[in-house]
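The values are calculated or read from the model by the stated rules, or taken from the named source; none is laboratory data. Quick caveat, the model's predicted, so the values are computed rather than measured. Glycine gets a Cβ as well: all are built from the backbone with ideal geometry, and neighbour counts include every protein chain shown.
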Amino acid sequence: MATVTVRHARGSYPVLIEPGALGRLGLVAAERLPGRRLALVTDDHVAPRLAAWGCPDLGARRFVIPPGEATKSRERWAILTDALLEAGYGRDSAIVAIGGGVVGDLAGFVAATYLRGIPVVQVPTTLLAMLDASVGGKVAVDTPHGKNLVGAFHPPEAVVADPRVLADLPERDFRMGLAEAVKHGVIADAGYFEWLEREAPRILERRPTVLAHLVQRSVEIKAAVVGDDEREAGVRAVLNAGHTVAHALEQVSGYRVPHGEAVALGLLVETRLAEANGWCQPGAAARIRGLLTVLGLPTRLDPALRPDRLLDAMARDKKNRGGGIRIAPAAELGRSEPRDGSWTVTVPPAAMRAALAEGG
Ligand SMILES: NC(=O)c1ccc[n+]([C@@H]2O[C@H](COP(=O)([O-])OP(=O)(O)OC[C@H]3O[C@@H](n4cnc5c(N)ncnc54)[C@H](O)[C@@H]3O)[C@@H](O)[C@H]2O)c1
Ligand SMILES: [Zn+2]
């Protein structure tokens, strides 16, 4: 079984990645959560599949939440917390979160705050959750003012990723996870990017061993970055490649452009912009466009999403407040480096407007 170790300020945790890994969840729980009373949190799409996936019941009570981003709310945080209190869970308990990023973020935030914090084991079941959301310790809920604005750092005791479960994932959700894998190649590993280009057909067939490698390499890259910068002061910014434009696309479209598709487009626009300004070696954007196309991800901006509205959204982005529009471009395909001591660059609005106007 492949194990990637993720370091953080107070210790480290293993990410276990293997086809069939779910069958070992009982062992992992016994080892990482010894003697604890377990609460299993999952959603309505995942719960009925657990037995077929070979997931042990862990002797845990199940708390099943509705699927979808709307569930990542303070209201659902309160409902879940009250359900645990009602059931008498004490300080000696722990949460096992089985599902996509919505389950992981909500259950993780409940764990972070329940009786001032109880341990959580993350069992991601979407590609996005396996290679992104379950790693790094960030947990949160959304608010009417924006996504993920109330949250905590609460690293899990362990992460268990079983690529076999991805066979059940709807096609669009599957491809959206791939956008983050492309991002990992772009920011940190040209060899991985080439592997994605070469293995695209096997990836799209969802061969479990191929997906296990993909998840492993992406988790290694994310883990290396967050291990160096848990709280996002510096190098962690490289994980936001593509995301300045992506967040604007999500907002202006009223979230009709889903995150992974927005990231695909954002990577392309931001890389093209970086090439035009001499921040990134030429050629990267063309390779990114080629790989996104092969993977069935979008490369064309919807012209209905007007550049001026996108620029407005970027200027209002809470993470950019006061600092202008900032992006974190790779220096060349597969390599990031700070320039003048910073991992991000400030983009003149006119340059961003020009890149957006090109339309993808
Ligand atoms: N904490 C972080 O660092 C971090 C990073 C990236 C994203 N996120 C968050 O992750 C969330 C998105 O996660 P997501 O894309 O996993 O969405 P999701 O959790 O909504 O899952 C997508 C859909 O797939 C279903 N599902 C899950 N596993 C399945 C399976 N194996 N087979 C069939 N259906 C399955 C879910 O019920 C849901 O309907 C967002 O809220 C985002 O903010 C967090
Ligand atoms: Zn993302």
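Here are the numbers:
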item: Residue check, L292 assigned by TED's automatic domain parsing to the domain that holds G334 and not in a helix (DSSP H, G or I); result: no
item: Members of the stretch 263-277 found to be more than 13 Å from the chain's Cα centre (by Cα) and within 16 Å of ligand 1 (Cβ to nearest atom), listed by number; result: A264, G266, L267
item: Exclusive hit being of a type in the set (G, A, S), farther than 25 Å from E69 by Cα and either surrounded by fewer than 23 Cβ atoms within 10 Å (Cβ to Cβ) or modelled with pLDDT of 95 or more (or both), set G266, G296, G278, G260; result: G278
item: Filter pass, A52 being within 19 Å of D168 (Cα to Cα), surrounded by fewer than 19 Cβ atoms within 10 Å (Cβ to Cβ) and more than 21 Å from the chain's Cα centre (by Cα); result: yes
item: Hits in the stretch 142-161 - residues which are within 9 Å of ligand 1 (Cβ to nearest atom) and either charged (D, E, K, R) or at pLDDT 95 or above (or both); result: D142, K147, G151
item: Conditions (1) more than 18 Å from V96 (Cα to Cα); (2) touching a Lys or Arg at 6+ places or on another chain (Cβ under 9 Å); (3) at pLDDT below 95: number failed by M176; result: (2)
item: Selected residue (criterion: surrounded by the most Cβ atoms within 10 Å (Cβ to Cβ)) from residues of the stretch 77-122 that are closer than 30 Å to R256 by Cα and away from ligand 1 (no atom under 12 Å from the Cβ); result: V110
item: Number of positions in the stretch 1-46 that are acidic (D, E) and farther than 20 Å from A167 by Cβ; result: 1
item: Close pairs (8 angstrom Cβ cut-off, 6 or more residues apart or separate chains): under 18 Å from E18 (Cβ atoms) and within 16 Å of ligand 2 (Cβ to nearest atom) in the stretch 155-178, polar (S, T, N, Q) and part of a helix (DSSP H, G or I) anywhere; result: none
item: Single residue of the stretch 331-360 satisfying the filter (without any contact (Cβ under 8 Å) to a residue 24 or more places away in the chain and charged (D, E, K, R)) that is surrounded by the most Cβ atoms within 10 Å (Cβ to Cβ); result: E337
item: Residue among A181, A212 that alone is at pLDDT 95 or above, within 16 Å of ligand 2 (Cβ to nearest atom) and assigned to a helix (DSSP H, G or I); result: A181
item: Meets criteria (assigned by TED's automatic domain parsing to the domain that holds L196, of a type outside the set (A, V, I, L, M) and either more than 20 Å from E171 (Cα to Cα) or within 16 Å of ligand 2 (Cβ to nearest atom) (or both)) for G266; result: yes
item: Qualifying residue in the stretch 201-208 (condition: crowded, with 18+ Cβ neighbours inside 10 Å and either more than 8 Å from ligand 1 (Cβ to nearest atom) or closer than 23 Å to V294 by Cβ (or both)); result: yes
item: Residue check, D173 acidic (D, E) and under 26 Å from P56 (Cβ atoms); result: yes
item: Complete set of residues in the stretch 252-287 that are of a type in the set (S, T, N, Q) and assigned to a helix (DSSP H, G or I); result: T271
